[in-house]
1. Answer with yes or no whether residue 181 is modelled with pLDDT of 90 or more, more than 19 Å from the chain's Cα centre (by Cα), in a strand (DSSP E or B) and under 19 Å from residue 223 (Cβ atoms).
2. Which condition from (1) at pLDDT below 95; (2) touching a helix residue (DSSP H, G or I) at 6+ places or on another chain (Cβ under 6 Å); (3) not aliphatic (A, V, I, L, M) is the one that residue 201 breaks?
3. What is the one condition in (1) without any contact (Cβ under 8 Å) to a residue 24 or more places away in the chain; (2) crowded, with 20+ Cβ neighbours inside 10 Å that residue 279 does not satisfy?
4. Could you list, in sequence order, the residues of the stretch 132-162 that are modelled with pLDDT under 95 and either touching an Asp or Glu at 6+ places or on another chain (Cβ under 6 Å) or among the hydroxyl-bearing types (Ser, Thr, Tyr) (or both)?
5. Filter the stretch 251-271 down to residues that are out of contact with any strand residue (DSSP E or B) (no Cβ under 7 Å at 6 or more places or on another chain) and aliphatic (A, V, I, L, M) and give me whichever is surrounded by the most Cβ atoms within 10 Å (Cβ to Cβ).
6. Mind checking which pairs have a first residue in the stretch 54-67 that is without any contact (Cβ under 8 Å) to a residue 24 or more places away in the chain and a second that is β-branched (Val, Ile, Thr), Cβ under 9 Å, 6 or more apart or different chains?
7. Please go through the stretch 235-250 and give me each residue that is over 19 Å from residue 343 (Cα atoms) and either touching a strand residue (DSSP E or B) at 6+ places or on another chain (Cβ under 7 Å) or not small (Gly, Ala, Ser) (or both), ordered by number.
Amino acid sequence: MRSALSRSLRTLTLGAALAWLVVAGCDLPSESVTALPAATDVAAFGSSAAVLIELPAAIAGNVADADGNGFGDNHNPLPGPAPVAIAAASVNPFNTAPGGRGVRRIHMEWNISSLGTGPVSSASIRLHTIKGTVDAFDTEFYAIRADGNGTLDDSDFEAAASRIGGAVMSVPAVPVGTEGVFVFDVTSWLQQAIEDGFTFFGVQGRVPDELVPFPGHDPRGLQIRSTAAGNIASGLQPALTVQFGGQVVDIDIKPGSSANAINCMARGGVVPVAIITTEQFDATTVDHTTVQFGPERAAESHRTARGVKRHEEDVDGDGDSDLVMHFRFKDTGIACGDGEAVLTGQTHGGLSIWGAAPIRTVPR
């Protein structure tokens, strides 16, 4: 079955500019707030397209240290319905809920396994903010220097991290309850995470640990929306937007099959995937040794004594050659419940390619 446009994918020509978004009621600096253009049919563009991929956070909540020893010992019960809003905070004697006891840090992670290894042109994080009654302090953001797992754990609190220059979220002088958007750049940090082979890219929001509360006051920064169920349903959870120069390609998983059914319980077997030649792209220009498929970035499984074997054939009967790859299922990382699989690679000329298609996992 041929590929379909992913809901998370945006494209625009390299010459197009991102529009500025003005958030009513918020005096956020204009350079920190951007809006993405509407989704566009990727087939309309050739190799000059820039690919924008928007990834929702896998998790975004608070991790906390109640006893002040520098190690986390409580965290929000997410995923779940609450808390809807989270914030970084210093020592807090008033909050006794999980994830609220002691020093609180915002912890966010994104699954970046679908991004491949191509160079990132730009990357930014967008947070939906809510002005609370006691929000008063700047929140500084830090890039986590280790791979994550997509869940909240007490140990996330003490994760090794480096401050992201310029990523400081101040509390705007607006009425309580006002909602806004805060966006900051993470290009170099995301690129490093990709080069290090991370599956999850993590970022933390922190206020200085030494802030001292005064009566009735919680020394915290501006609130943001978490990955609580209601925020996810409304598309208000933190998002990572990644742009890289490259080519979106049309792929066909299990050519000749309309269902793309994959036995997700099998440890053996091979999944064939074809890169299709179209009017916009010649699949035979792809360097087959660079192609990877699935969350674990499986490589071509057919090999000879001379190296990776290449397969070119006309799988769609239109008279031109397509490139067919073969991946061991156990190497792909595809799991039961997955609804899409991603292929990445490069052409012989160094152009990054990216393609996605729906799958139906069958536990049998």
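The values are calculated or read from the model by the stated rules, or taken from the named source; none is laboratory data. Worth saying up front: this structure is predicted, and the values here are computed from it rather than measured. Neighbour counts are summed over all protein chains in view; Cβ atoms, including those assigned to glycine, are modelled from backbone coordinates with ideal geometry.
1. Values: modelled with pLDDT of 90 or more: yes; more than 19 Å from the chain's Cα centre (by Cα): no; in a strand (DSSP E or B): yes; under 19 Å from residue 223 (Cβ atoms): yes.
Taking the combined requirement at face value, the residue does not satisfy it.
2. Residue 201 satisfies all of (1) at pLDDT below 95; (2) touching a helix residue (DSSP H, G or I) at 6+ places or on another chain (Cβ under 6 Å); (3) not aliphatic (A, V, I, L, M) except (1).
3. With respect to (1) without any contact (Cβ under 8 Å) to a residue 24 or more places away in the chain; (2) crowded, with 20+ Cβ neighbours inside 10 Å, residue 279 is out only on (2).
4. Listed by number, the residues that qualify are 133, 134, 162.
5. The residue in question is 266.
6. none
7. From the stretch 235-250, those over 19 Å from residue 343 (Cα atoms) are 235-240; that's our starting set.
Selection gives 236, 237, 238, 239, 240.
Yes/no matrix, rows are residues, columns are (1) surrounded by fewer than 21 Cβ atoms within 10 Å (Cβ to Cβ); (2) β-branched (Val, Ile, Thr); (3) part of a strand (DSSP E or B); (4) within 18 Å of the chain's Cα centre (by Cα):
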position	(1), (2), (3), (4)
315	yes, yes, no, no
320	yes, no, no, no
323	no, no, yes, no
327	no, no, yes, no
330	yes, no, no, no
337	yes, no, no, no
344	no, yes, yes, yes
349	yes, no, no, no
354	no, no, yes, yes
